[in-house]
Every structure is written in C-alpha cells, then in structure tokens.
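The values are calculated or read from the model by the stated rules, or taken from the named source; none is laboratory data. Small disclaimer: the values here were computed from a predicted structure and weren't measured. Cβ: placed from backbone, ideal geometry, glycine included. Neighbour counts: every protein chain shown. Accessible surface is based on the protein model in full, side chains and every heavy atom, while ligands, DNA and RNA are left aside. Shrake-Rupley method; radii C 1.70, N 1.55, O 1.52, S 1.80 Å.
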Amino acid sequence: INIGGLDYHLFDDTHEAMVADNNTWDGELVLPSTVTNGGKEYTVTKISWMAFNYCQTLTSITIPETICKIDCLLPQQGQPFDGCDHLESVIVEKNNQWFCSEDGVLFSKDKTKLICYPAASKRQNYTVPDGVESIGEGAFGYCVYLVSVSLPNTVTNLDRFAFHFSEALKKVVLSDNIPIIRQNTL
C-alpha cells in the first residue's frame, strides 16, 4: 500500500508497518514513526532489505525511534540502501533502542556492527570506530568517493559483499583478528 509516497506492508494483527521493497525518493527522507490507512494507525517498525535498492535520488534518510528491524525479509541478503549512489547520510533518531548513527554512518545501537556507510559520503578515507566487531553485508557497497578504509582489531567478521562495487576504493586495512574473508567480500 502506498502512503505518503512510500510503499508499506501493513500487518493488521500487530498494527505494525514495514517499509516495502523498491521505493524511490528524491532528496531527503524522514521516515514516519506511524502511518494511517483506512482509519487504522500502524507503527513503522521495519525496513525491508530492498526498501531503497538503486534509488539514485535519495540523498539522506532519517530513521525514527520505532524502527527495530532492518534487512527483515531475507537476512544476509544485503542492506536496504544498495546502489543508492547519492546517499550522503543515514540519521537515526536518538531515542531509537536498536540503531544509531555517527557522522551519517548506520550502526547497531551498541556500535558492534557497521550496517551502512552512505555511498555518496564525501570522505575519501574512513576509519571504522574501535569496538565495531562486524561489517555488515554490503556495508561499504557502491561508495563513490571512498578511497581507503581502516578496520580496527576489534573487527572479527566481514560479511559478504562488504565492499562490492566501490570502484574508487584502493585500500582496505584489515583487522588482524578476521579469521576468514568470504568470497565476494571485495
């Protein structure tokens, strides 16, 4: 169902809504915490794993405090911003209990997982904060300007496609504690 220009899956039993696949948006987007359809209010709690794939006009997204799940349809299949090559920042409302952002980069709330580095961030070099243990699937995918990434020794896991299609990327300084690098990581 399309509400306010975005497609949602609505769940009548829980009164929850999930941002559905293949949305497009021009410019900055502030996701609502609730949507209304047919006189019923639904809390927006999830973002589908393909919610904004290849949306090349999305420049920033603000995630409300109600979002508790991202990549919710098919775990380990990328993240909702793959191919968003104009995305400059992901912002998370401070009261969100599950996610946070720092300098426009999306993390789990406890900052042990880096979920999404925005592809159009103007930084050429990025050092992943100490304490991050996992780099999510597609986390650095499609980066336009990023030339160098340094991982702290706290990183022990690199998910598949972590750096895919980041054509400007020339150097990745790996953690000494990554036991295996999966096929298709770079």
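Taking the numbered list (1) within 15 Å of the chain's Cα centre (by Cα); (2) open to solvent by 50 Å² or more (accessible area, probe 1.4 Å) in turn, residue 40 passes all entries but (1). For residue 13, state whether it is open to solvent by 80 Å² or more (accessible area, probe 1.4 Å), of a type in the set (D, E, K, R) and either modelled with pLDDT of 95 or more or in contact with a strand residue (DSSP E or B) (Cβ under 8 Å, 6 or more places away or on another chain) (or both). Considered against the rule, which asks whether it is open to solvent by 80 Å² or more (accessible area, probe 1.4 Å), of a type in the set (D, E, K, R) and either modelled with pLDDT of 95 or more or in contact with a strand residue (DSSP E or B) (Cβ under 8 Å, 6 or more places away or on another chain) (or both), residue 13 comes out as yes. On inspection, residue 24 qualifies as surrounded by fewer than 15 Cβ atoms within 10 Å (Cβ to Cβ) and modelled with pLDDT under 95. Flag not set for residue 28, criterion: within 16 Å of the chain's Cα centre (by Cα) and not in a strand (DSSP E or B). Evaluate region 48-58: report whether one residue or more is buried (at least 18 other Cβ atoms within 10 Å of the Cβ), modelled with pLDDT of 95 or more and outside any loop (DSSP other than H, G, I, E, B). There is at least one residue in region 48-58 that is buried (at least 18 other Cβ atoms within 10 Å of the Cβ), modelled with pLDDT of 95 or more and outside any loop (DSSP other than H, G, I, E, B).
In this structure, is residue 66 part of a strand (DSSP E or B) and of a type in the set (Val, Ile, Thr)?
Judged against the criteria, residue 66 is not a match.
Out of all the residues in region 173-186, which are over 20 Å from the mean Cα position of the chain (by Cα) and among the hydrophobic types (A, V, I, L, M, F, W, C)? Answer for region 173-186, where residues must be over 20 Å from the mean Cα position of the chain (by Cα) and among the hydrophobic types (A, V, I, L, M, F, W, C): 173, 174, 178, 180, 181.
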